[in-house]
Amino acid sequence: MSENSNQFLDALKQMQGVEVGDIVDVEVLDVEDGQIDVGVENAGVEGVITHREYTSDRNADLRELVKPGDKFKALVLRRAGGDKENGEFFFSVTRLKEREAYDKLQKDIEEGNPIEGTVTSSVRGGLLVDVGTRGFLPASLISNRYVSDLKPYIGKTMKLKITEIDPNKNRLILSHKDLVEEEREEAFDKVASQLVVGDVIEGKVSRLTNFGAFIDVGGVDGLVHISEISYKHIDKPSDVLKAGQDVKVKVIGIDNDRHRISLSIKQTEPSPFEQATANLNEGDVFDGEVKSLTNFGAFVEVADGIQGLVHVSEISNKHVDKPSDVLKVGQTVKVKVLNIDPSERRISLSIKAADSNASSNEGSRPRRSRNDNSVNKKYMGNDDNGFALGDIIGDQLKDRK
């Protein structure tokens, strides 16, 4: 067989039929305003690529993008009506790129790889992102915090995670929030492993809310609840703190399951009780004002906002049925400090022990029994004023029955 015959047979073998869905090599024959005329290599088939099937940029000029003689791969979309012997087809480059992109994305999912995409525009409910094909990033999956304004994200490149993919429906749902949460958990584990409840550390106010302040401690936000900002009452955190402010905080809780760190600002400072009792010792005698009366004793102010309890048995050497029989609110009395309990923040006082007239009879004065102390503790709460008002009122109500 001659050389020419062999070449002819080789050419025949290369001549293949074109089917819808095939990926073929095409050569540009001509470029018009809205389409590109192409021929399939080694197939003797011609077809058309419309503007939108070549580029998603509606403003692009096809003549600037391609020229006759250019070669590239295209996807066979469908057969077009025509009288040509081999028919005429519509081809697409954009859909081929989408198919290739979906194949790569599917591989990324299987390997657990994050992807990168550029936000092209905002739509109702989220953002459109170019990741080789068009994906949708719902507003609820942009961040682990509520996002109200989507416009600042347009044009930004973001790391994303694929949450749903369906090439047949051209459906691709993305999430940035999932990656933020994963990174946050990793950062939490690293920081939490270095902290112990009780540690006092430096932090920076990252943001403020109505219920507290978030403090950045080594790249992780811990929460200072509004009740832990100051010993004094504050209406809102922004009254005493501002974003970017450096603060000293105490670690009061670490929740590894919920990845939360609880902090306190006020516990890094002496409490009002500690300040009031810094120069107060057992045995000290001073004048104080009676602030309230109960059936079991009198509360006397020892410092601004700090009260001690004079149990009914410590009011007088004489028997007293009710404190109100011998005392009244607002009265100034001389008291002696019997006991200061820093752990319970309680101060026990005595009027009769402070009475100079009773000092000579000190030896014959009955000592305070353990029962008296237990009564004190029963009616003393954990607040810095030392007592639980609800218990006091409740006891009075019981006595009225």
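The values are calculated or read from the model by the stated rules, or taken from the named source; none is laboratory data. Here the structure is a predicted model, which is why all the values come from computation and not from measurement. When we count neighbours, we look across all protein chains shown, and the Cβ atoms used for this are built from the backbone with ideal geometry, even at glycine. Accessible surface areas use protein heavy atoms only, side chains included; no ligands, DNA or RNA. Shrake-Rupley method; radii C 1.70, N 1.55, O 1.52, S 1.80 Å.
A few remarks follow.
- Gain on full stretching of the segment that runs from E274 to S121 - 0.36 nm per residue minus C-alpha separation: 49.2 nm
- Å² per residue, accessible surface of region 214-335 at 1.4 Å: 53 Å²
- Counted charge near D33, where neighbours are those whose Cβ lies closer than 14 Å (Asp, Glu -1; Lys, Arg +1): -2
- Modelled this way, with points 7 Å down the Cα-to-C-beta line, the labels at V20 and N295 are 9.3 nm from one another.
- Virtual spin-label span in nm between Q331 and E64, 7 Å along Cα→Cβ: 9.7 nm
- On the principal axes of its alpha carbon atoms, region 234-340 extends 59, 29, 28 Å, with the longest extent given first.
- If R0 equals 41 Å, the separation of the Cβ atoms of D108 and I234 corresponds to a calculated FRET efficiency of about 0.25.
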